[in-house]
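Quick notes on the structure that follows.
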Amino acid sequence: MVEFIMGCCFSEKHISLKFATIVLISALQTGCEETPQNITPPPPPFTGTMTTPFLSPPVTNPHFVARTETGLADDERVIGIVLNAGPRAYPIKALSGMQSHVVFGTSDNEACAVTYCDRTDCVRVFREEKPFQIKTGGLVNGEMSLIINGQMYPQSDPAVPISDHPFEVTTLGEWMKTQPSTLIYLRGEFENLK
């Protein structure tokens, strides 16, 4: 409903907001020291501009298969890493979905998270001897954010408290030439390529 008062147009929402403001000002002017029960304090300041609200857990217990079981082409872009358990390749397309930007696994006394932002084409791989908590924190200032052990960081932030692990972005064919025993991560549409 819209009302016209003294030549001005007001919606119900606008009138309610004006009424709440008048009540608050009246309480302050009369010396009321108590905060009205229905007014909540503002949240703490947030640095950055959050453009998406998506918090997404990582893909855990990733599934790996031999190259012969994938049907992937030699020119498929992958993130190649070498862990204690051996070489691994993560197809970029498999990490491009909204809920698959972070893949986390543990084996052979190490925890590893492979992260990929499809908006910025940024890759980071983290590795520690002990498990850690990591998930996607949405898009902040145009880049993916990560929530690591409860704290939010831009993916590219050098202050991330987890050790970076070496990786290579290349084609599957090139990676397999130097790492022929590689196992390949499968997720989503890739699981049906056998």
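Numbers for the structure displayed
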{"quantity": "Residue list for segment 162-180, filter: in a loop (DSSP other than H, G, I, E, B) and surrounded by 12 or more Cβ atoms within 10 Å (Cβ to Cβ)", "calculated": "162, 165, 167, 179"}
{"quantity": "Residues (surrounded by fewer than 15 Cβ atoms within 10 Å (Cβ to Cβ) and hydroxyl-bearing (Ser, Thr, Tyr)) located in segment 53-84", "calculated": "60, 68"}
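A short reminder: the numbers here are calculations on the coordinates, not readings from a lab. What you see is a predicted model; the values in this text were computed from it and never measured. Glycine gets a Cβ as well: all are built from the backbone with ideal geometry, and neighbour counts include every protein chain shown.
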